Amino acid sequence: MKTRESISMAPKNQENVANFVGVLKKQGAPTLASRGRDGRGPATGLATSLIGLGTSALKQMIDKQKKKYTAEWKDGLNDLYFYDQLSTQGPFDPVGLQFNGFRLERKIVNQGSGPELAMLLDVELATDTANIYEMFNNAVFKLKLKDIQINYAKAKIPQGKSTLNVDIEVTFNTSYVNNSGNLFKNVELGKFFLRLRDAPLDKSSPGYKEYYAKKIGKQLEGWSFLVPRSYGYRLNESGQMEESYSQGAYSIAVKVTESSKSDFVTQMIIDNSNSMIDSGADQAKKTAKQLLDK
């Protein structure tokens, strides 16, 4: 039977998302959360085990496996506003912040049946005390996971396997003008990453609920600057024109990469396989062949 899919994404806006005034009045500011990724990267063992795979035929095999056992899909939101009001304070004035995350759903529809949820991603703004200080002082925000479900894969699943690896990349962009009249178009503000390994797909399998429950509340890797407000003018309460800053226009792009062959497909191999292959050695050919055959 033919299967169709639909992807939907929506922002979550909320008045007074972060209590800046209440938090900043407290004494004893906590240490600001560190920015950026947590230092985790691809294991160097993979690099050494695949060094020197030197034939074009092997490259073709790897490319074929990538296409067979990986799938990538995307969605995004445009023409959004980060704040619910104008500001006279400056481009990074956080007062009126309304952004509180987003929700992404992928559904599948089998012929003769209703839509079923294939994947749900629900993220929200991290508004604990440390992150509020970081937003106010450094114009940086973080995201945390509110909910995640994966029930059906877009990538091909090998027979006998019921888990999936998923890499999610979230990118924030904006276009704005500063008070010098300089225009900035489609500027990247930041990126966030969520990496799931051996995520179960069968709701009835042991450990399904526990696996996803452990992810809830965790911060995503990465960070982003607050959306800068564009410089302009407004009509004030006295009917006079005065300088002001906009509500902060921005967009969100989400890329989801699914992989069902954990022994072979990793982020490093996908990104760097050709360069590793070019460097050479017969033993590594045997290693790669074993991985491809799994």
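Yes/no per residue for (1) open to solvent by 50 Å² or more (accessible area, probe 1.4 Å); (2) in contact (Cβ under 8 Å) with a residue 24 or more places away in the chain; (3) of a type in the set (F, W, Y); (4) touching a Ser or Thr at 6+ places or on another chain (Cβ under 8 Å):
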{"site": "D128", "(1), (2), (3), (4)": "yes, no, no, no"}
{"site": "I148", "(1), (2), (3), (4)": "no, yes, no, no"}
{"site": "A155", "(1), (2), (3), (4)": "no, yes, no, yes"}
{"site": "P158", "(1), (2), (3), (4)": "no, yes, no, yes"}
What do you reckon, is N274 in contact with a helix residue (DSSP H, G or I) (Cβ under 9 Å, 6 or more places away or on another chain) and either modelled with pLDDT under 95 or crowded, with 21+ Cβ neighbours inside 10 Å (or both)? yes
Would you pick out the residues in the range 230-270 that are more than 18 Å from V170 (Cβ to Cβ) and at pLDDT below 80? K261, S262, D263, F264, V265, T266, M268, I269, I270
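The values are calculated or read from the model by the stated rules, or taken from the named source; none is laboratory data. Keep in mind that this is a model prediction, so the values were computed, not measured. Note: ideal-geometry Cβ built from the backbone for every residue, glycine included; neighbour counts use all protein chains shown. Ligands, DNA and RNA are excluded from the accessible area calculation, which covers all protein heavy atoms including side chains. Shrake-Rupley method; radii C 1.70, N 1.55, O 1.52, S 1.80 Å.
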